[in-house]
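K.L.:
I have a structure I would like to understand better, so I am pasting it below and will then ask my questions one at a time.
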Amino acid sequence: MIKISLNKVKIFGYHGLHQEEKITGAEFEVSMDVFFHVSKRLTHLHDTIDYTVLYNIVKERMNEPAELLETIVQDISARVRETFPHTKQINITISKIHPPLANFRGQFSVSLTNDI
């Protein structure tokens with residue numbers, strides 16, 4: 001299997017349950033691994049998974065506000081499967097870099113592993 005990855009992509013968005021998050025927005029970090037089987041030597045882009053297309057899928061979905069990161073990872077996974085039907089597994093993690101909690105130092109993350 002081959003793995004194509006996006007690592008720690010920083011994207012600004014308006015996601016969250018709190019009203020403040022919907023107004024001010026926040027920075028998020030997205031990492032994704034997409035696995036597919038290979039039966040021949042890869043020499044053309046159409047034989048693989050184009051990481052620029054993966055990035056655009058993530059960017060487009062992160063531009064649509066959602067209350068739950070769980071919804072976003074599910075939507076991204078579904079879109080990747082539609083775009084690249086030869087995908088065998090998708091791992092996605094979205095982290096909220098600065099969650100709106102007093103004195104909290106760290107990140108919150110939601111991850112999805114989807115075997116196809």
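The values are calculated or read from the model by the stated rules, or taken from the named source; none is laboratory data. Note that the structure is a prediction, hence the values are computed from the model and not measured. All Cβ positions, glycine included, derive from the backbone under ideal geometry; neighbour counts span all protein chains shown.
K.L.:
Just one of 61, 105 is surrounded by fewer than 13 Cβ atoms within 10 Å (Cβ to Cβ) and closer than 16 Å to residue 26 by Cα; which is it?
P.N.:
Just one listed residue meets the conditions, 105.
K.L.:
Would you pick out the residues in segment 72-109 that are closer than 17 Å to residue 17 by Cβ, modelled with pLDDT of 95 or more and among the hydroxyl-bearing types (Ser, Thr, Tyr)?
P.N.:
95 - this is the single residue of segment 72-109 that is closer than 17 Å to residue 17 by Cβ, modelled with pLDDT of 95 or more and among the hydroxyl-bearing types (Ser, Thr, Tyr).
K.L.:
Which ranges mark the strands (runs of 3 or more DSSP E) fully within segment 23-116 that have 3 or more residues being more than 25 Å from residue 12 (Cβ to Cβ)?
P.N.:
87-96, 108-115
K.L.:
Name the pairs whose Cβ atoms lie under 8 Å apart, with the first residue in segment 2-16 and part of a strand (DSSP E or B), the second surrounded by fewer than 17 Cβ atoms within 10 Å (Cβ to Cβ) and of a type in the set (S, T, N, Q), and 6 or more positions between them or separate chains?
P.N.:
Between residues of segment 2-16 that are part of a strand (DSSP E or B) and residues that are surrounded by fewer than 17 Cβ atoms within 10 Å (Cβ to Cβ) and of a type in the set (S, T, N, Q), the close pairs are 2/48; 4/48; 13/63.
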